[in-house]
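Throughout, read-outs are computed from the coordinates displayed, never taken from laboratory work. Not measured: the values here are computed from a predicted model. FYI the Cβ positions are ideal-geometry reconstructions off the backbone, even for glycines, and counts take in every protein chain you see.
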DNA sequence: CTAGGAGTTCAACATTTGTTGAAGTCAACC
DNA sequence: GGTTGACTTCAACAAATGTTGAACTCCTAG
């Protein structure tokens with residue numbers, strides 16, 4: 001059963017314009033009717049939901065395209081599973097990065113010297129003895 | 001000791017154009033010389049580093065402005081500490097969100113039906129019996 | 001005092017991720 | 001076969017986050 005842009009959009013919770021955008025950027029692909037209208041597959045509903053989840057994980061459209069390019073058209077359950085695992089891995093990577101930032105905030109280096117007596121900035125980084133006039 | 005745009009940029013590891021951008025958006029503020037050149041304070045080096053860290057946490061410039069607006073000019077160590085704590089809290093929030101996405105990927109709902117025999121899409125979501133001609 | 005590097009403003013460009021509107025075409029239902 | 005809602009393309013706009021360039025001015029060093 002072929003889905004129109006509107007069908008797919010409704011079923012996956014996005015705007016039709018977003019569906020067209022994803023197709024234009026190679027995240028989705030569609031057959032065309034003789035009158036040039038798009039017809040999607042049922043599996044594209046899943047594909048589209050994956051796109052949205054991947055975006056929430058923090059992937060750009062280009063990155064999502066990469067991971068979806070490994071997905072055969074009409075994928076088997078194992079294909080979806082591998083895709084899910086790769087998203088999980090990516091999410092863990094993003095969490096690690098956030099935890100690293102946490103470390104930088106709370107950690108030893110203090111992000112800044114919290115005191116500011118006299119020479120906060122090493123003089124060699126200063127272009128010269130600027131004043132305010 | 002007043003810092004020029006270039007001084008501040010070098011000391012905090014950003015581009016001078018970014019410094020001007022941050023000032024234009026209220027994240028930084030500067031005195032002006034009689035010849036209209038910006039002069040920043042030493043504390044602005046810290047401020048700018050905080051901006052970059054906050055961005056890595058995922059805050060937008062508008063959001064960073066909010067948290068920086070609570071910061072007095074020439075802040076005391078306690079002010080920096082409170083700011084750091086609020087960034088830490090925000091980072092934890094982002095981590096939680098990622099973990100929630102993780103739950104959605106691996107969790108019960110399966111994100112999609114992994115089987116696709118016949119009726120993946122409930123018929124009432126389909127606009128009608130579309131074919132491909 | 002003057003030269004030259006660094007500063008100024010402003011507009012344009014760049015990228016990402018879409019949305020909106022106009023003008024025109026399709027296709028499902030009666 | 002008509003009507004009408006949904007589709008098509010294309011261009012323009014939008015917001016965020018800057019960068020780049022032109023044209024011009026400043027200020028520090030010598």
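Ascending distances from the residue A:52 label point to its copies in the other chains, with the point 7 Å along the Cα-to-beta-carbon line: 3.7 nm.
Annotation for segment B:69-99 versus segment A:1-22: alpha-carbon center distance of 40 Å. Across the identical copies, the label point of residue A:66 (7 Å from Cα in the Cβ direction) is separated from its matches by 3.2 nm, in order from shortest.
Put simply, segment A:5-110 fits an ellipsoid with semi-axes of 34, 15, 10 Å; these come from the alpha carbon gyration tensor as the roots of five times its eigenvalues, largest first. Summarising the rotation from chain A to chain B, the nearest chain A beta-carbon to the axis and its distance in Å are given as A:95, 3. Extension gain for residue A:25-residue A:100 works out to 23.8 nm (0.36 nm per residue, less the C-alpha to C-alpha distance). A full extension of the chain between residue B:33 and residue B:88 corresponds to an added length of 16.1 nm, given 0.36 nm per residue minus the alpha carbon distance. Across the identical copies, the label point of residue B:89 (7 Å from Cα in the Cβ direction) is separated from its matches by 3.7 nm, in order from shortest. Each of B:86, A:34 has some number of other Cβ atoms within 10 Å of its Cβ, and from fewest to most they run A:34, B:86.
The residues A:8, B:3, B:71, A:27, when put in order of fewest to most other Cβ atoms within 10 Å, stand as B:71, A:27, B:3, A:8.
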